[in-house]
Amino acid sequence: MSLAHQPQPLKSSVSLGALTISPPVVLAPMAGITSPPFRQLCRRQGCGLAVTELTSAEGLARGQAKTLHFLETWPAERPLAAHIYGRDPDIMARAAAVAESLGRFDSIDINAGCPVPKIMRRGEGAGLLRDPNHLKRVVQAVCAAVKLPVTVKTRVGLAANRINISEVAQALEEGGAAAIFLHGRVAAKRHAGPPDWSLIARIKQERSIPIFGNGGITSADEALRLWRENGVDGIMIGRAAIGNPWLFAEIACRLENRPWTPPTPAERVEALLEMLDGLIKLAELEQRHRRRLRYSAEESACMQFRTHASLLLRGRPHQRVLMQRLMSFHSVADVRATLHEIFC
Ligand SMILES: Cc1cc2nc3c(=O)[nH]c(=O)nc-3n(C[C@H](O)[C@H](O)[C@H](O)COP(=O)(O)O)c2cc1C
């Protein structure tokens with residue numbers, strides 16, 4: 001019988017060197033979404049590890065202020081992984097060393113899954129899947145440059161007819177990766193269609209380093225089912241946490257057999273407004289690196305906030321009308337008034 005069909009006891013933590021991920025439930029990196037205030041909110045709700053936004057190794061190796069902004073962190077979000085992308089082993093190694101020297105990360109995560117054509121064309125992101133031997137050299141170079149554990153976030157292949165995750169996972173383990181975050185979709189599918197968890201389960205059986213399964217988790221029930229049925233060491237959650245960081249608290253309660261009490265609408269609104277304050281502070285920091293400003297810090301934070309707020313509306317009556325209102329948010333006062341009107 002395959003592992004995929006045997007219920008597995010769930011681990012309460014996974015250790016990668018000095019880093020302990022407890023519970024082994026990780027917030028996935030999402031460019032434009034997983035900002036420090038959002039990560040902090042998810043950590044507070046019990047996610048075991050968060051990952052920064054995608055950061056260019058080249059910009060980091062050159063010490064560019066604009067790139068360093070992507071590695072901005074808030075005090076209460078550790079443990080935290082710095083998520084870097086690139087192709088050149090030497091540049092990736094230098095970038096990892098820069099991230100480590102900041103003293104605010106607990107691991108380095110290499111992106112080998114980004115499907116954006118501009119990035120893939122340069123052989124970066126999912127482009128690294130084309131040559132597992134080269135990817136192994138990247139991992140080896142990064143591991144040699146830092147003391148922190150090095151993980152890799154990747155996909156099962158480039159396309160349905162180019163699934164090479166067994167070869168890739170072997171290269172990652174041999175290169176020294178401490179764990180793999182494995183998204184069960186091919187790069188050609190981006191984020192659409194059902195992920196193939198049976199491939200994730202297969203890699204868990206083939207490899208001895210921890211494997212975290214990712215893709216398509218939408219609820220606590222599903223998270224625990226996919227985790228248990230596929231025998232993985234832990235799970236990684238992306239879109240389901242947007243607008244609902246409380247999913248991590250629900251999973252943590254279920255893991256510890258504690259009753260789950262959902263937050264009240266007023267608590268949800270207050271937590272999201274606190275995040276909005278954080279987004280404004282972050283935008284103010286970012287604007288220091290810009291010469292010309294199109295929007296004020298408040299406006300740009302409100303725009304970034306729309307994605308979070310729109311997902312908060314999932315399943316509510318009059319969702320379309322409310323969405324239209326949300327899309328016109330420009331000030332904290334607008335956001336506060338509208339959220340209170342809708343939810344409280
Ligand atoms: C808006 C958005 C941005 C993303 N950015 C990244 C990224 O920078 N690096 C990465 O490895 N994956 C990125 N992903 C992929 C997620 O980390 C995750 O693998 C994917 O969404 C599947 O998980 P989910 O079904 O739980 O959302 C992104 C996904 C979304 C939706």
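The values are calculated or read from the model by the stated rules, or taken from the named source; none is laboratory data. Since we're looking at a predicted model, the values are computed, not measured. Ideal geometry is used to build each Cβ from the backbone, glycine not excepted, and the neighbour counts take in all protein chains shown.
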| remark: Being away from the ligand (no atom under 16 Å from the Cβ), under 16 Å from G234 (Cβ atoms) and assigned to a loop (DSSP other than H, G, I, E, B) narrows G103, G63, G46 down to just G46
| message | Would you confirm, using the coordinates I've provided, whether G278 is small (G, A, S), farther than 13 Å from I180 by Cβ, under 20 Å from the mean Cα position of the chain (by Cα) and not assigned by TED's automatic domain parsing to the domain that holds V186? | response | yes
| request: Sort through T67, T34, T73 and tell me the only one that's among the hydroxyl-bearing types (S, T, Y), out of contact with any Lys or Arg (no Cβ under 9 Å at 6 or more places or on another chain), surrounded by fewer than 24 Cβ atoms within 10 Å (Cβ to Cβ) and over 28 Å from R254 (Cα atoms). | output: T67
| task | Scan the stretch 286-302 and give yes if some residue there is within 24 Å of A81 (Cα to Cα), modelled with pLDDT of 95 or more and away from the ligand (no atom under 14 Å from the Cβ), otherwise no. | result | no
| message | For the stretch 53-78, which positions are within 20 Å of D277 (Cα to Cα) and in contact (Cβ under 8 Å) with a residue 40 or more places away in the chain? | response | H69, E72, W74, E77
| request: Quick one: which helices (runs of 4 or more DSSP H) lie wholly within the stretch 237-339 and hold at least 3 residues that are out of contact with any Ser or Thr (no Cβ under 6 Å at 6 or more places or on another chain), surrounded by fewer than 17 Cβ atoms within 10 Å (Cβ to Cβ) and on the phi < 0 side of the Ramachandran plot? | output: 265-287, 297-312, 319-326
| remark: Taking the stretch 199-224 and keeping residues farther than 28 Å from R258 by Cβ and within 16 Å of the ligand (Cβ to nearest atom) leaves L199, I203
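Every residue, every condition in (1) under 25 Å from C47 (Cα atoms); (2) away from the ligand (no atom under 13 Å from the Cβ), yes or no:
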{"site": "H83", "(1), (2)": "yes, no"}
{"site": "D88", "(1), (2)": "no, yes"}
{"site": "A99", "(1), (2)": "yes, yes"}
{"site": "I110", "(1), (2)": "yes, no"}
{"site": "P117", "(1), (2)": "no, yes"}
| task | Six or more apart or on different chains, Cβ under 8 Å: which pairs go from a residue in the stretch 24-35 that's without any contact (Cβ under 8 Å) to a residue 40 or more places away in the chain to one that's part of a loop (DSSP other than H, G, I, E, B)? Could you list them? | result | A31/E53; A31/L54; T34/A28; T34/T52; T34/E53
